[in-house]
Structure formats: C-alpha cells, structure tokens
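What follows draws every value from the coordinates through simple rules; no lab data is involved. Keep in mind that what you see is a predicted model, and the values were worked out from it rather than measured. Heads up, the Cβs are rebuilt from the backbone with ideal geometry, glycines too, and the neighbour counts pull from every protein chain shown.
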Amino acid sequence: MKTASLILWLCILVAVFFLGRWSKRCEKVETIKVETITQTKTDTVRIVEPLEIVRTEVRREVVEIPADTVYLPGDTVRITVPIEVKEYRDSLYTLQIEGYRSRLLWVEVYPRTEYIYRTETKTISNPSRRWSLGPSASYGYDIKNNRWAPSVGVSVQYTLWSW
C-alpha cells in the first residue's frame, strides 16, 4: 500500500509540474523600437559683398557713351570695355556673373539646417509563471492538536501577484 501511495504522489507531482510548464511559457520578451526623424529646413541666406574667387576676361566690347552732359546725336565717344566672368564661392553658395553691365549667369545656394529627433523605446520583461511547485516552510495552526506548529513540505501554488 505504501508503494502505491508513493507512486500516486509521484505521478501527481509530475502532473502538477507539467501543468505548470504548460500553463505559461517563461520567455524573455524584448521590444526595441527606434524611431529617427530627420527634418531639413531651408533658410534664407543673404551674403553682402561676397569674396571673388575667379575672374576671367571673355571678350571685349565697344560701347558708345556721350562725350558731354548734353546728348547730341553723333556726339559720342567709343570705348573698349573688357567683359569679364566672375565667380563667387562659399560653403553656402556659388554664383557666376558676367559683363560690363553685369548679369547673373547662375547661382547655386546650399542652405542646410537639419533637426534630428530620436526616440528610443526599450522594453525587456520576463513574465512570471502563474503555477509553481516547490519546497515550503510555514507556521500554521494544527487543527488535530489544537495548537500552532511549524510545517515543512512541498507545495503547489497559483501566484496572484509577485514582486
């Protein structure tokens, strides 16, 4: 009889053990969320008296200008004027102008303002099992002997909350 009862208790303990394993998996949960927002804004840049980088004479033109303050037809002086191409460059712009009466050939503007916002969320949790089986030591009231007494044994329990 003792052997049958021992085998029965062992079967119950094994069943409770596997019931606890089956009830909830004990896995490590990791949630990593990285969100990067890059925002580029364009600014207005005004450059006063930019630095001249390159000056190249392209051609010469003859220009007629009045010889006196009072303009009379035929009363002009011919002057040869060099036509130049000038290039101005900086980290924010590059431009080219040409002529006696200057005209802008082209301009490239490089305004850059970047705002980078980074949000990082990291959640690592280890959910606990609800069912457990293990040794226990307690102190309780013994109904048979009508007194308080310590007890030692194996307990099966369902966890309501843990800390």
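Observations, loosely collected:
- Extension gain from THR94 to GLU61, taking 0.36 nm per residue of separation minus the Cα-Cα distance: 9.2 nm
- Annotation: amide H-H contacts under 5 Å for TYR100 (H modelled 1.01 Å from N, sequence separation of 5 or more, or interchain): GLU84.
- Counted charge near SER102, where neighbours are those whose Cβ lies closer than 12 Å (Asp, Glu -1; Lys, Arg +1): +1
- 13 Å cut-off, amide nitrogen to a point 7 angstrom out along TRP9 Cα→Cβ, residues in the range 146-160: 152-155
- In plain terms, the chain from THR31 to ARG130 could stretch by 33.4 nm, reckoned as 0.36 nm per residue minus the Cα-Cα distance.
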